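The values are calculated or read from the model by the stated rules, or taken from the named source; none is laboratory data. Predicted model, so just to flag it, every value in this text is computed and none were measured. Virtual Cβ from ideal backbone geometry, glycine too; neighbours counted across all protein chains shown.
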């Protein structure tokens, strides 16, 4: 009986197995291990979120309860950040204010992100008169000093939390719109876009599922920067009296109230809310690269 030697499979017949895409959890772990700065930023973000969610619960004192007998006491074991001119615990107020400032920042940036990216994608993909009209609107918004424009909007609508969110969102819309417009404009005639169209996909589906995900990485950097800027904007409006109204605990109000007492030596009234502002802005500035790596489709394989 003749033995038949097994024949080698032709190279052309061998099918290369595709590399499976990473799950979000494993990709997150990879990003955090690959970049120590991103890991630090996420730890700082976790601390901020913990203070924002559980701050009103774990605060040792009521943020609005006053006690004239202990007014303007320096930091001590009983009052870690001291007390203000009304005898309120500064640590409790700083802790409780974290939630309000984070809510204003996240809500404003989310609103501007959705509206700006949608308008920018439409302008970049279809172009024409739509692109011209939208760009003139964005030019008009950006022609004003942004903080002055936010002041005007809040002054006209009233200094409520909702109006602060709307004002901050309006002045941030052009940043996302122009960024997405540029990214979409570059990719609308790319090879993968044409292939998606030839496969029978509609323009909206091509834009939403093939072009837009590639515009997300640079937008995440913009989101992280705008989150910090939105907190500063809300604090700045409160500092000049156009933001959240007292006695609500908010970092900008606390800095404004504490500034009057720095000359007389009560430095803790403004220093600790100011440090909290600095910590939040620094956290979001560090977070940009990590968010970009998380949403970049090219790094998911």
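When the residues of the stretch 72-82 are filtered to those that are farther than 19 Å from residue 279 by Cα and free of Cβ contacts under 8 Å to residues at least 60 places away in the same chain, which remaining residue is surrounded by the fewest Cβ atoms within 10 Å (Cβ to Cβ)?
Initially, the stretch 72-82 is screened for residues farther than 19 Å from residue 279 by Cα, giving 72-79, 82.
Add one more test, that the residue is free of Cβ contacts under 8 Å to residues at least 60 places away in the same chain, and what stays is 73, 76-79.
Values: 73: 18, 76: 11, 77: 5, 78: 12, 79: 21.
So, considering only residues that are farther than 19 Å from residue 279 by Cα and free of Cβ contacts under 8 Å to residues at least 60 places away in the same chain, the one surrounded by the fewest Cβ atoms within 10 Å (Cβ to Cβ) is 77.
In a helix (DSSP H, G or I) and more than 30 Å from residue 80 (Cβ to Cβ), is that true of residue 273? Step through it out loud before you land on a result.
Values: in a helix (DSSP H, G or I): yes; more than 30 Å from residue 80 (Cβ to Cβ): no.
Judged against the criteria, residue 273 is not a match.
So, restricting to helices (runs of 4 or more DSSP H) that lie completely within the stretch 89-190, which ones have at least 3 residues that are within 30 Å of residue 72 (Cβ to Cβ)?
Numbers: elements: 90-126, 128-143, 146-157, 161-187.
It comes to 90-126.
Please go through the stretch 126-148 and give me each residue that is in contact with a helix residue (DSSP H, G or I) (Cβ under 8 Å, 6 or more places away or on another chain) and closer than 17 Å to residue 241 by Cβ, ordered by number.
147, the sole residue that qualifies.
Here is a yes/no grid of residues against (1) in contact (Cβ under 8 Å) with a residue 12 or more places away in the chain; (2) in contact with a strand residue (DSSP E or B) (Cβ under 8 Å, 6 or more places away or on another chain); (3) closer than 21 Å to residue 251 by Cα; (4) surrounded by 17 or more Cβ atoms within 10 Å (Cβ to Cβ):
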| site | (1), (2), (3), (4) |
| --- | --- |
| 148 | no, no, yes, no |
| 156 | no, no, no, no |
| 160 | no, no, yes, no |
| 168 | yes, no, yes, yes |
| 171 | yes, no, no, yes |
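Out of all the residues in the stretch 85-97, is one or more surrounded by fewer than 16 Cβ atoms within 10 Å (Cβ to Cβ) and either within 25 Å of the chain's Cα centre (by Cα) or at pLDDT 90 or above (or both)?
The answer is no; no qualifying residue exists.
If I ask for residues that are within 12 Å of residue 147 (Cβ to Cβ) and part of a helix (DSSP H, G or I), which ones from the stretch 229-258 would you list?
229, 230, 232, 233, 234, 235, 236, 237, 239
Does residue 69 satisfy the condition of being part of a helix (DSSP H, G or I) and without any contact (Cβ under 8 Å) to a residue 24 or more places away in the chain?
Numbers: part of a helix (DSSP H, G or I): yes; without any contact (Cβ under 8 Å) to a residue 24 or more places away in the chain: yes.
Here the answer is yes, as residue 69 does meet what is asked.
Given the conditions (1) surrounded by fewer than 19 Cβ atoms within 10 Å (Cβ to Cβ); (2) over 23 Å from residue 138 (Cα atoms); (3) free of Cβ contacts under 8 Å to residues at least 24 places away in the same chain, and given that residue 193 satisfies all but one, which numbered condition is not satisfied?
The number of the failed condition is (1).
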